[in-house]
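Participant: Structure provided below as structure tokens; questions to follow.
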Amino acid sequence: MGRGAISAGAVAALVLVAGCKAVAVDPEGGPSGDDGKPRSTATPTRTPTEASPRTPARSPAQNPTRTPARDPAPHTPAPAPEPGKTLMEKGDDGKQVRELQARLRQIAWFGGNPTGTYGPVTAAAVKGFQAKRGLAVTGVTDTVTWSRLLGMTREPTRSELYAGGGMPPAKPDKRCLTGRVLCIAKSSRTLTWMIDGRAVSTMDVRFGSQYTPTREGTFSVYWKSRHHVSTLYDTPMPYAMFFSGGQAVHFSSDFAARGYAGGSHGCVNVRDEKKIASLFAQVRKGDRVVIYK
């Protein structure tokens, strides 16, 4: 073995000393690189003192690339809607109030029958309607409320306007203008007691049903019966004034209780007992009865 040569055993010993990683060995006894200088090919392991210190996380204020979160703007409630010009309010009465009540009744905001009087019940109904639709809640019917209500309802019929009665009497038939006449108009559901063309009293009436209609025409009172009871239906017919067969003008407790929800068997039912009691006392046998549309 010449000078400078290393035996195979020596090489093996060097490998064991180096550990698991094999390295190239310079004939002079150390690792060498391409330039022939001694160099280790193993990756050096950093000691704790050599490790680069970590850069601490920056706060939003220290980081120029991030914008700090802003507090949300305070919530400003929407302003209350302005009411319009007043059209109707508590204490008013008349046709327009009746129409208001009938329209509110169409959409279930007014439970009773229209009366034409703007009272607490009507004001409460208007308030409910206004609150439901985000209007100024005043209980007063202004132009804004009225316009909204018109857009949601239809024009009330005459029967809707006077569902509880009180309908103005229709124009008297010409047959009612002379003598003593029970002038009965189906269109207005009224009976007007007239003497020589002058209206003495007017009252609400109800007529027969579709299958038992009240006859129309000119008749005369042929029999009066103060405490009459129907022999056909076994029902009371107080203050009965018969004018055609079994048909009569009489007081009806059912009409007084249920209104126009019911109907008669052809008779002319009167709702107001005091009014028909007074009428019964004035009417004579032979007085005319005129029933017209």
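The values are calculated or read from the model by the stated rules, or taken from the named source; none is laboratory data. No experiment lies behind these values; they were computed from the predicted model shown. In this analysis, Cβ positions are derived from the backbone assuming ideal geometry, glycine residues included, and neighbour counts consider all displayed protein chains.
Participant: May I ask you to list the residues in the range 174-191 that are touching a Ser or Thr at 6+ places or on another chain (Cβ under 9 Å), on the phi < 0 side of the Ramachandran plot and in contact (Cβ under 8 Å) with a residue 40 or more places away in the chain?
Facilitator: 175, 176, 181, 182, 183, 184, 185, 186, 191
Participant: Got a number for residues in the range 195-219 being hydroxyl-bearing (Ser, Thr, Tyr), closer than 21 Å to residue 287 by Cβ and without any contact (Cβ under 8 Å) to a residue 40 or more places away in the chain?
Facilitator: Here the count works out to 1.
Residues are listed down the side, and each one gets a yes or a no for (1) crowded, with 19+ Cβ neighbours inside 10 Å; (2) in contact with a Phe, Trp or Tyr (Cβ under 6 Å, 6 or more places away or on another chain):
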position: 223; (1), (2): no, yes
position: 229; (1), (2): no, no
position: 234; (1), (2): no, no
position: 278; (1), (2): no, no
position: 281; (1), (2): no, no
position: 289; (1), (2): yes, yes
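Participant: Here's something else I'd like to know. Residue check: is residue 214 within 23 Å of residue 158 (Cα to Cα), part of a loop (DSSP other than H, G, I, E, B) and either at pLDDT 95 or above or aromatic (Phe, Trp, Tyr) (or both)?
Facilitator: Spelling it out, residue 214 is indeed within 23 Å of residue 158 (Cα to Cα), part of a loop (DSSP other than H, G, I, E, B) and either at pLDDT 95 or above or aromatic (Phe, Trp, Tyr) (or both).
Participant: What are the residues in the range 172-193 that are closer than 27 Å to residue 103 by Cα, of a type in the set (Ser, Thr, Tyr) and part of a loop (DSSP other than H, G, I, E, B), if any?
Facilitator: The answer is 187, 188.
Participant: What are the residues in the range 163-174 that are farther than 21 Å from residue 256 by Cα, of a type outside the set (Asp, Glu) and surrounded by 15 or more Cβ atoms within 10 Å (Cβ to Cβ), if any?
Facilitator: The first filter runs over the range 163-174 and keeps only residues farther than 21 Å from residue 256 by Cα, leaving 170-174.
Subsequent filtering for residues that are of a type outside the set (Asp, Glu) retains 170-172, 174.
Within the range 163-174, 170, 172 meet the criteria.
Participant: Does the range 156-173 hold any residues that are more than 20 Å from residue 268 (Cβ to Cβ) and either small (Gly, Ala, Ser) or touching a residue at least 12 places away in the same chain (Cβ under 8 Å) (or both), and which are they?
Facilitator: Within the range 156-173, 156, 160, 161 qualify.
Participant: Let me ask something additional. Specify which of the listed residues (262, 208) is closer than 20 Å to residue 167 by Cα, within 40 Å of the chain's Cα centre (by Cα), small (Gly, Ala, Ser) and exposed (fewer than 15 other Cβ atoms within 10 Å of the Cβ). Explain how you work it out, then say what you get.
Facilitator: Working: 208 fails: exposed (fewer than 15 other Cβ atoms within 10 Å of the Cβ).
The match here is 262.
Participant: Against the definition (out of contact with any Asp or Glu (no Cβ under 9 Å at 6 or more places or on another chain) and in contact (Cβ under 8 Å) with a residue 40 or more places away in the chain), how does residue 222 come out, yes or no?
Facilitator: For residue 222, the condition - out of contact with any Asp or Glu (no Cβ under 9 Å at 6 or more places or on another chain) and in contact (Cβ under 8 Å) with a residue 40 or more places away in the chain - is met.
Participant: Sticking with this structure for a sec: Scanning for something at pLDDT 95 or above, surrounded by fewer than 14 Cβ atoms within 10 Å (Cβ to Cβ), basic (Lys, Arg) and in a loop (DSSP other than H, G, I, E, B), does the range 82-91 turn up at least one residue?
Facilitator: Among the residues of the range 82-91, at least one is at pLDDT 95 or above, surrounded by fewer than 14 Cβ atoms within 10 Å (Cβ to Cβ), basic (Lys, Arg) and in a loop (DSSP other than H, G, I, E, B), which makes the answer yes.
Participant: Here is a follow-up. With (1) over 17 Å from residue 89 (Cβ atoms); (2) crowded, with 20+ Cβ neighbours inside 10 Å; (3) touching a strand residue (DSSP E or B) at 6+ places or on another chain (Cβ under 7 Å) as the list, and residue 180 as the residue in question, which single condition is left unmet?
Facilitator: (2)
Participant: Search the range 230-247 for residues that are within 17 Å of residue 270 (Cβ to Cβ) and pair each with any residue that is among the polar types (S, T, N, Q) when their beta-carbon atoms are under 7 Å apart and the residues are at least 6 apart or on different chains.
Facilitator: Close Cβ pairs (under 7 Å, with a partner that is among the polar types (S, T, N, Q)) amount to 237/230; 240/225; 243/220; 247/214.
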